[in-house]
Amino acid sequence: MSESLTPPTAAPAAASKEPPSVLDVFMTFLIIGATSFGGAVVAYLRSSLVGKKKWLDDTHFLELKSISNTLPGLNATNMSILVGDRLRGAVGAAAALIGMCLPGFIFMTVAGIMYGENGDRPLVTAMLKGVAAAAVGLIAATWFQIGKKSVRGFYDAFFILAAVLAVNHFKVSVPIVLIAVGALAIFTNRPGKQRQKEAVSEWISSLR
């Protein structure tokens, strides 16, 4: 009886229902790879994995995105491997990776041939500039949506600002920034510190 009254613990969105098939994972990433452009792939990944498929929530998406940023290689391929492994293990990771990379391989082979023949034309240059601007807008919109749900309090905002300034203004290497900011975040959110915060909050509540 007591077990039935115990609230369920928080679980990833993917664990709340039957995991997708390997074919579904492959086709989803195949579509993402075929319809996403440039750096805006982050927006497409979130729209599909969080919005449409609901395989992840924003918190888990951001966690996997953070891991992919700290690993060598392209973020899109890193994300496909991490998400595929989370959903269907090693086979899912392979299916997601192939699905993500296959359209790009085909399209870029064709685009490379065409660009070599027509890249100097003003119309092509103008089109590429427009696509680049749209990609920046999609990335900004996606990170704004994620940030509203993930940034909580002064320290999170401070870490973001410190990382941006270190990379863009002071030209510090990205791995060094990740290690330094990560170490500060671990120290700030260490278990003992969290218990102290909770104890202070409880003490303040008891005085009211």
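Run down VAL83, VAL91 and say which single residue is in a helix (DSSP H, G or I) and under 15 Å from ILE32 (Cβ atoms). Even if it seems obvious, please write down each step before you answer.
Numbers: VAL91 fails: under 15 Å from ILE32 (Cβ atoms).
None of the others qualify; the one that does is VAL83.
Report, by residue number, each residue of segment 54-78 that is touching a Ser or Thr at 6+ places or on another chain (Cβ under 8 Å) and crowded, with 17+ Cβ neighbours inside 10 Å. Spell out the reasoning first.
In the first step, residues of segment 54-78 are kept if they are touching a Ser or Thr at 6+ places or on another chain (Cβ under 8 Å); the result is 58-59, 62, 75-76, 78.
The answer is ASP58, LEU62, ALA76, ASN78.
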**Q.** Long-range neighbours under 8 Å by Cβ, at least six apart or interchain, first residue in contact (Cβ under 8 Å) with a residue 24 or more places away in the chain and in the same structural domain as VAL181 (by TED's automatic domain parsing) within segment 154-170, second surrounded by 11 or more Cβ atoms within 10 Å (Cβ to Cβ) and β-branched (Val, Ile, Thr)
**A.** TYR155/THR188; PHE159/VAL181
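Output the residues belonging to segment 18-40 that are outside any loop (DSSP other than H, G, I, E, B) and either among the aromatic types (Phe, Trp, Tyr) or not assigned by TED's automatic domain parsing to the domain that holds VAL136 (or both).
Once the filter is applied, which keeps residues that are outside any loop (DSSP other than H, G, I, E, B) and either among the aromatic types (Phe, Trp, Tyr) or not assigned by TED's automatic domain parsing to the domain that holds VAL136 (or both), segment 18-40 yields PHE26, PHE29.
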Q) Do we find a residue being exposed (fewer than 12 other Cβ atoms within 10 Å of the Cβ), over 23 Å from ALA40 (Cβ atoms) and either at pLDDT 95 or above or not assigned by TED's automatic domain parsing to the domain that holds ASN69 (or both) anywhere in segment 91-113? A) no
Q: Go through (1) at pLDDT 90 or above; (2) assigned to a loop (DSSP other than H, G, I, E, B); (3) more than 30 Å from PRO175 (Cα to Cα) and name the single condition ASP120 misses.
A: (1)
Q) Hey, any hits in segment 77-88 for a residue that's touching a Phe, Trp or Tyr at 6+ places or on another chain (Cβ under 8 Å), modelled with pLDDT under 90, under 30 Å from VAL110 (Cα atoms) and hydroxyl-bearing (Ser, Thr, Tyr)? A) no
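The values are calculated or read from the model by the stated rules, or taken from the named source; none is laboratory data. Everything numeric in this text was worked out from a predicted model, so none of it was measured. No Cβ is skipped: glycine too gets one built from the backbone with ideal geometry, and neighbour counts run over all protein chains shown.
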